[in-house]
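Engineer: A single structure is presented below for examination.
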Amino acid sequence: MKQSEDAKRRLQEGNSVFSKSADPNMLARLAEKQEPFVAILACSDSRVDPVKVFNLSLGSAFVVRTAGNCASDPSVLGSLEYATSHLGVKAIVVMGHTDCGAIKASCECCDVDNLKSVMIDMESAKSALKGLDAKDPDQIALSNVRVQISRLLYCSPVISDAVRTEKLAVHGAMFDIRTGVVKFI
């Protein structure tokens, strides 16, 4: 119980620092409405924070995070459709990363009930690769970005129509945890 209380205390202290140092004008503006220019589908890995990675400010990105940056869950698609149709984002970025734990788990045949949909997504990413690349977690992560972009365009009429009418662009990206560099693909 001590560790959970310590975690809660750290969060409370962090929020105290944030709330005291945040620009009140910015908070007032954000309280009126959100106007992100981009939606980002990223992995839930604690080392991958899209707002920090892209040096963005509060309110500039609509971020959806899942293990393995997977778009197969209806709530993920719905969130990105909401960002597209109601918030008017101009781009969606699907960002994978090196050293992805979800991908490593799929390579090790991790059998966790609630991760099965993620594992199915990873199998799609692996099957798109040939030879040794199909065993390289970083190559699978790159393939997975492409698979998820295809899934967004195929499964979401809202997103595909916005792309077709040039109101939205969908980009793939890979974040290298070792260097901090994001490469668009």
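Engineer: Which order, highest average first, do 139-145, 44-50, 14-20 follow once you tally other Cβ atoms within 10 Å for each residue and take the mean per peptide?
Structural biologist: So the order, starting with the most tightly packed, is 139-145, 44-50, 14-20.
Engineer: Same structure again: Mind checking the full-extension length gain between ARG178 and SER21? Use 0.36 nm per residue of separation minus the Cα-Cα distance, one decimal, nm.
Structural biologist: 53.5 nm
Engineer: Quick one: 3J(HN,Hα) in Hz for segment 76-82, Karplus 6.51/-1.76/1.60 with θ = phi - 60°, rounded, Gly and Pro as x.
Structural biologist: Along segment 76-82, the couplings run 5, 4, x, 5, 6, 5, 4 Hz.
Engineer: Moving to a separate point now. Determine the alpha carbon to alpha carbon distance for each of LYS20/LYS183; LYS104/LYS183; LYS8/LYS90; LYS20/LYS167; LYS8/LYS104 and list only those over 26 Å.
Structural biologist: The answer is LYS20/LYS183; LYS8/LYS90; LYS20/LYS167; LYS8/LYS104.
The numbers here are math on the coordinates, done by the rules we state, and not lab data. Worth saying up front: this structure is predicted, and the values here are computed from it rather than measured. Heads up, the Cβs are rebuilt from the backbone with ideal geometry, glycines too, and the neighbour counts pull from every protein chain shown.
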